[in-house]
1. Between 177, 80, 33, find the one with the highest GNM mean-square fluctuation for the chain; connect C-alpha pairs within less than 10 Å.
2. When 1/r is averaged over all different Cα pairs and the result inverted, which Kirkwood radius in Å belongs to segment 1-96?
3. On a C-alpha basis, how far is the centre of segment 131-164 from the centre of segment 15-45 in Å? Whole number, if you could?
4. From the gyration tensor of the Cα coordinates in the chain, what semi-axes in whole Å does the equivalent ellipsoid have, largest first, with each one equal to sqrt(5λ)?
5. What does DSSP give for the chain in terms of the percent of beta bridges that are antiparallel, rounded to the nearest 5?
6. Put a dot 7 Å past each Cα toward the Cβ at residue 102 and residue 90; how far apart are the dots in nm?
7. Expected output is a single nm value to one decimal: the length gained when fully extending between residue 27 and residue 161, i.e. 0.36 nm times separation in residues minus the C-alpha distance. What is it?
8. Which three lengths, in whole Å and largest first, does segment 96-185 cover when its Cα atoms are put on their principal axes?
């Protein structure tokens, strides 16, 4: 990344710079972090793992509940990522304080007991939101048999599209594993970004600089990972 930055500082066009390796998966997470720290538009030619995006994280949180069951920690994670969608959308700011921090809430009985004793006074705005929370909990408790329905209820936009794609790619029972394999475009323009790509993609198109000049791009090679 320092090499790429030095070229950019010397006036080289981003589209003429490529970083390549035989196995980009070994480095993808590192380059995602470096891209943010260096503030350089680094285009992942082979796509980014879906779970590295915020939408992907929301889908992963929902998949965790569908596959492994509802608990307080899993619900808190989902609520943090889906504040503005599904049943959480109608709940007031700070509503999570109604959940007792020392209770795992890992069974339907525990949730029913909690919901039965919630009064309007315990909610941040003084209104009774127990029915809305109950509806969400009951939906999540359906688990695998209602995976498609749950995704539509809790997700929206790109997140629900990822959920649908994951269900098409594999069984609901392994949706969490399926998500780990899904990739999506990183949204950056190849013509205006430094490229990060598999060496095979570079070899197949050695002068892919958006047709601007047809010159061979400047190439950096990522070293092989340490083993042993």
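1. 33
2. Working: mean 1/r = 0.0609 Å⁻¹.
Here the Kirkwood hydrodynamic radius works out to 16.4 Å.
3. Their Cα centres are 34 Å away from one another.
4. Working: eigenvalues 405, 66, 45 Å².
Equivalent-ellipsoid dimensions as semi-axes: 45, 18, 15 Å.
5. On the way: 2 of 13 bridges.
Counting DSSP beta bridges with both partners in the chain, the antiparallel share is about 15 percent.
6. My value for the distance between the label points is 3.3 nm.
7. The span from residue 27 to residue 161 would gain 45.6 nm if fully extended.
8. The principal-axis extents, from largest down, are 45, 25, 22 Å.
Values in this text are rule-based calculations from the coordinates and carry no lab data. A quick note: this is a predicted structure, and the numbers were derived from the prediction, not measured. Cβ coordinates were reconstructed from backbone atoms using ideal geometry, including for glycine residues, and neighbour counts include every protein chain displayed.
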